[in-house]
Amino acid sequence: ETGVTQSPTHLIKTRGQQVTLRCSSQSGHNTVSWYQQALGQGPQFIFQYYREEENGRGNFPPRFSGLQFPNYSSELNVNALELDDSALYLCASSPGVVPDTQYFGPGTRLTVL
Amino acid sequence: SQQGEEDPQALSIQEGENATMNCSYKTSINNLQWYRQNSGRGLVHLILIRSNEREKHSGRLRVTLDTSKKSSSLLITASRAADTASYFCATDGAQGAQKLVFGQGTRLTINP
């Protein structure tokens, strides 16, 4: 148990729709990072938030956006869903911005039809 | 893009044997980490080795790092059925990049 939770566990959407995924970090962890993991691949970095500000972004289009709240919760929003967005979405929290040990949630499995 | 490349992509051994997985990366790093993932769920941190370290142990795990070859290995000794999982190496960027860059992973199967 990492103390990081994500909801929902599974989600099915259709192409063009919008989705919001949620994450609750460990208390005291000011940094949350989001990753996309396609089937059979390693996780790919989407973006990171530190104290409610975006603090780094991977090679993902602007339709992927996020929010971090003062209560250690965060959201990943994806607009105009595409079939290729089907993946496991993982959030990870850590105390600071240096990429040392990250504590991952169980993930949200998104299927886009 | 993925920096780390794990080798082999899949490994199947008998319970009690040792399992060795390798990881190669491309750029300078501050540290390298290994994570385990069971059945497509969340990743669990196993061990972190810093760029100035050559070897690190944690229980049945032994990790080595060769920065001159930009490679690392993870050895699991006396494997158990519960070790069946995917194993990923992850590197940071020496320039202080915020992200971890993961390889594609090694799928390890321990046969009883």
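Every read-out reported here was derived from the displayed coordinates using simple, explicitly stated rules and does not represent laboratory data. Remember, predicted model here, so these are calculated numbers, not experimental data. Positions of Cβ are backbone-derived with ideal geometry, glycine not excepted, and every protein chain shown enters the neighbour counts.
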- [ ] Assuming R0 = 22 Å, can you tell me the calculated FRET efficiency for the pair A:Gln26 and A:Leu67, based on Cβ-Cβ distance, to the nearest 0.05?
- [x] 0.75
TODO: Round to the nearest 0.05 the FRET efficiency obtained for A:Leu113 and B:Lys26 when R0 = 45 Å and r is the Cβ-Cβ distance.
DONE: 0.80
Task: B:Asn111 paired with A:Glu54, simple spin-label distance in nm, labels 7 Å along Cα-to-beta-carbon - done: 4.9 nm
Task: DSSP-defined beta bridges in chain B - what % are antiparallel, rounded to 5 - done: 90 percent
Open item on the list: List the residues, sorted by chain then number, that are 5 or more residues from A:Gly66 or on another chain and whose placed amide H is less than 5 Å from its amide H.
Closed with: A:Asn77
- [ ] Pop the C-beta distance of B:Ala81 and A:Gln41 into the FRET formula with R0 = 41 Å and round what comes out to the nearest 0.05.
- [x] 0.95
Task: Residues A:His10, A:His29, sorted so that the one with the fewest Cβ neighbours within 10 Å comes first - done: A:His10, A:His29
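Could you tell me which trypsin sites (Lys or Arg not before Pro) in segment B:1-103 are loop residues by DSSP with no more than 14 other beta carbons within 10 angstrom of their beta carbon?
Loop-located and lightly packed - B:Lys26, B:Arg54, B:Arg60, B:Lys69, B:Arg80.
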- [ ] Would you order A:Ser25, B:Ser12 from fewest to most other beta-carbon atoms within 10 Å of each residue's own beta-carbon?
- [x] B:Ser12, A:Ser25
Task: Theoretical gain in end-to-end length, B:Ile13 to B:Arg54 [0.36 nm per residue, Cα-Cα removed] - done: 12.1 nm
TODO: Sort A:Cys91, B:Cys23 so the one with the fewest other Cβ atoms within 10 Å of its own Cβ comes first.
DONE: B:Cys23, A:Cys91
Task: Share of alpha-carbon pairs per 5 Å distance bin for the protein assembly as shown, given as whole % - done: 1, 7, 15, 19, 19, 16, 11, 7, 3, 1
